[in-house]
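Report on one structure; see the data block that follows.
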Ligand code: PRX
């Protein structure tokens with residue numbers, strides 16, 4: 001069913017072919033227009049002359065646009081019959097219904113069919129200079145073996161597998177193996193603590209299996225991932241099995257629940273077990289035939305309430321959007337080496353390390369290290385060694401490297417670079433200019449890309465449809481094809497003029513958007529569709545310039561962004577409040593020169609508590625690291641007698657933010673609060 005004519009291999013598949021395009025399109029048989037020259041996916045769209053017109057059509061007639069693109073870009077085993085069935089007011093989002101496909105076939109088999117020796121992954125291991133390459137053929141084989149292993153251990157279509165691994169080929173193969181057999185994956189960032197891991201596992205009762213490594217290695221330091229999993233397992237009775245791979249040579253304690261992934265392979269040579277293991281090791285794994293709207297993965301992200309939400313992405317729309325944005329936002333061309341340094345535990349890793357690049361047949365880099373290990377030249381040494389063409393990173397790292405000086409960049413040949421990308425937080429002008437002038441030698445465009453876990457892929461970027469368009473430093477600028485951003489005023493009215501700021505919403509659905517929050521569709525509606533009925537609310541504010549370009553101004557809710565990691569202030573408060581000495585707390589973000597934002601906690605102790613503030617600060621900090629992750633720990637903890645509150649008892653965070661910014665003039669009317677003895681009004685001087 002998956003095979004094109006003339007293909008003999010059992011696992012090589014591709015029904016992706018232009019032969020099908022004309023028959024799908026309403027305009028079949030008519031002549032092609034010139035958009036095909038820059039967007040072959042849109043070749044069948046009649047009467048569109050030029051990029052601007054195509055962008056226009058992608059919004060005004062989004063069904064035709066997405067239908068043409070989906071038919072061209074993805075390999076379907078059964079074509080879809082309905083392009084979209086969406087109703088934003090009810091949070092109902094469905095794309096390409098009737099269509100059937102397999103994501104791993106789209107990411108692997110079709111490229112193996114055309115170029116099995118092309119390198120799919122370059123694993124830039126923590127140890128500099130020890131990179132490893134995997135061809136599409138090898139990655140497919142690894143994926144199939146793992147798919148069979150999972151199936152053999154009872155994982156079925158519709159199950160969900162948690163992956164708690166650093167960025168490595170086995171992690172990518174595990175994601176693709178889930179996709180191959182129709183299971184969803186839930187990748188949990190390997191920097192998360194045992195409690196955070198357990199919370200994400202428990203959130204869905206269908207989470208059965210975990211894939212991990214014995215130890216992680218990052219920046220020369222070893223982290224005990226398997227031990228963290230063991231701790232998490234104490235509160236996760238539904239987990240039946242844990243697959244353990246070996247990243248280091250150090251042995252780990254295995255329990256009855258644990259299965260050594262690689263031992264299984266080694267035992268293949270062992271004649272006694274050969275029959276059992278042979279099937280596990282089979283390099284042929286029949287891909288499950290999935291519906292477009294079956295779940296591909298869950299990914300947890302912070303919201304403004306304490307509990308992280310498991311956003312759900314589905315098969316076809318997500319993959320299509322990741323692939324298309326990867327190709328056009330970065331001007332990716334076949335044969336390029338794409339270097340996104342994000343961890344696979346975040347959406348950036350999902351969309352631009354794994355799914356987007358692999359769907360496009362790219363060579364994608366898996367970066368295991370840090371920007372300053374073993375020295376601040378690490379990124380650029382890697383660019384030279386791996387001949388990276390597109391580099392995609394976070395402003396926090398750029399700000400850090402800028403401080404070390406230009407010599408760490410200039411040491412290395414960066415002539416292969418064509419595009420530099422930025423993601424996760426606003427990039428300040430100084431960092432943008434350094435990135436452009438020093439890293440890119442003034443010749444590589446810098447694309448500041450705005451998007452979210454919820455959007456699945458990039459929504460606003462400087463050159464989504466025109467590789468020569470003007471770029472303004474520090475601005476995300478232009479919406480991608482099919483994206484229709486609007487700004488709302490405080491009354492919920494659409495702001496139509498330019499040179500204005502408002503709440504950033506999307507007026508139309510697009511294939512990459514999340515479909516729901518796992519086990520809580522009502523929360524999905526309440527968070528994203530209820531604030532501005534009929535629109536998707538991003539949670540961000542934005543400014544639209546005179547020219548119509550967008551600039552993101554930051555979150556409008558109680559979510560802060562620490563080194564590009566999103567964290568809800570309520571999540572941190574929940575942990576701090578668990579300390580028996582604490583009566584209540586309030587956490588706010590503040591501007592941090594490297595991290596973008598830092599965490600600042602105001603803490604009120606219970607009456608009669610007598611503790612050393614420094615000791616308690618250390619204790620609270622440790623609790624946050626242990627319950628969430630290190631990056632969420634407060635930089636400052638300020639003890640106060642009480643917190644500023646409204647008459648109805650709501651903490652006035654606006655006021656606390658002003659205190660932290662030392663903007664006491666801007667505190668506004670505090671007649672009911674202005675008690676100098678309360679202790680929140682003077683900014684804390686001590687740092688943890
Ligand atoms: O506030 C925006 C910020 O990061 C948030 C999304 O975080 P997350 O879901 O973790 O995804 C991060 C990677 C896509 C957004 O709501 N953000 C992301 N990109 C930018 C940004 N803020 C400003 N400029 C950006 N380019």
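A few points about this structure:
- Residue selected from region 132-152 under the condition in contact with a strand residue (DSSP E or B) (Cβ under 9 Å, 6 or more places away or on another chain) and surrounded by fewer than 17 Cβ atoms within 10 Å (Cβ to Cβ), by the criterion farthest from residue 372 (Cα to Cα): 133
- Some residue of region 441-449 being more than 17 Å from residue 389 (Cα to Cα), crowded, with 18+ Cβ neighbours inside 10 Å and more than 11 Å from the ligand (Cβ to nearest atom): no
Let's see how each residue does on (1) part of a helix (DSSP H, G or I); (2) touching a strand residue (DSSP E or B) at 6+ places or on another chain (Cβ under 8 Å); (3) modelled with pLDDT of 90 or more; (4) crowded, with 17+ Cβ neighbours inside 10 Å:
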residue: 610; (1), (2), (3), (4): no, no, no, no
residue: 615; (1), (2), (3), (4): yes, no, yes, no
residue: 623; (1), (2), (3), (4): yes, no, yes, yes
residue: 642; (1), (2), (3), (4): no, yes, no, no
residue: 648; (1), (2), (3), (4): no, no, no, no
residue: 673; (1), (2), (3), (4): no, yes, no, yes
residue: 684; (1), (2), (3), (4): no, yes, no, yes
residue: 687; (1), (2), (3), (4): no, yes, no, no
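- Residue 339 vs. criteria at pLDDT 95 or above and either within 22 Å of residue 313 (Cα to Cα) or within 14 Å of the ligand (Cβ to nearest atom) (or both): no
- When the residues of region 520-557 are filtered to those that are in contact with a helix residue (DSSP H, G or I) (Cβ under 6 Å, 6 or more places away or on another chain) and surrounded by fewer than 17 Cβ atoms within 10 Å (Cβ to Cβ), the one that is farthest from residue 304 (Cα to Cα) is 534.
- Of all residues in region 482-511, those satisfying the criterion of being over 18 Å from residue 544 (Cα atoms) and in contact with a strand residue (DSSP E or B) (Cβ under 8 Å, 6 or more places away or on another chain) are 509, 511.
- The residue list 552, 560, 567 contains one member that is free of Cβ contacts under 8 Å to residues at least 60 places away in the same chain and either within 9 Å of the ligand (Cβ to nearest atom) or within 18 Å of the chain's Cα centre (by Cα) (or both), which is 560.
- Taking the listed residues 524, 602, 536, the one that is within 16 Å of the ligand (Cβ to nearest atom) and over 28 Å from residue 462 (Cα atoms) is 524, with no other qualifying.
- Filter result for the condition that a residue is out of contact with any helix residue (DSSP H, G or I) (no Cβ under 6 Å at 6 or more places or on another chain), within 26 Å of residue 307 (Cβ to Cβ) and free of Cβ contacts under 8 Å to residues at least 40 places away in the same chain, over 604, 611: 604
- The number of residues in region 452-478 being near the ligand (Cβ under 10 Å from one of its atoms) and at negative phi comes to 11.
- Among the residues of region 79-123, those identified as without any contact (Cβ under 8 Å) to a residue 40 or more places away in the chain and in a strand (DSSP E or B) are 82, 83, 87, 92.
- Residue 397 touching a helix residue (DSSP H, G or I) at 6+ places or on another chain (Cβ under 8 Å) and either within 14 Å of the ligand (Cβ to nearest atom) or under 24 Å from residue 541 (Cβ atoms) (or both): yes
- Whenever a residue of region 520-547 is on the phi < 0 side of the Ramachandran plot and in a loop (DSSP other than H, G, I, E, B), its partners that are modelled with pLDDT of 95 or more and within 15 Å of the ligand (Cβ to nearest atom), lying with C-beta atoms within less than 6 angstrom and at least six residues away or across chains, give the pairs 531/537; 532/505; 535/505.
- Pair list, Cβ under 6 Å, 6 or more apart: region 416-430 residue within 15 Å of residue 340 (Cα to Cα), other residue modelled with pLDDT of 95 or more and near the ligand (Cβ under 7 Å from one of its atoms): 421/449; 422/448; 423/348; 423/449
- Residue 432 meets the stated requirement of being modelled with pLDDT of 95 or more, surrounded by 21 or more Cβ atoms within 10 Å (Cβ to Cβ) and either part of a helix (DSSP H, G or I) or within 16 Å of the ligand (Cβ to nearest atom) (or both).
- Residues located in region 563-594, provided they are closer than 30 Å to residue 487 by Cα and surrounded by fewer than 22 Cβ atoms within 10 Å (Cβ to Cβ): 563, 564, 566, 570, 590, 591, 592, 593, 594
- Being at pLDDT 95 or above and more than 19 Å from residue 161 (Cβ to Cβ) is a property that residue 226 lacks.
The values are calculated or read from the model by the stated rules, or taken from the named source; none is laboratory data. Just so you know, these numbers come straight off a predicted model, no measurement behind them. Because the Cβ atoms are built from the backbone with ideal geometry, glycine has one as well, and the counts that use them run over all protein chains shown.
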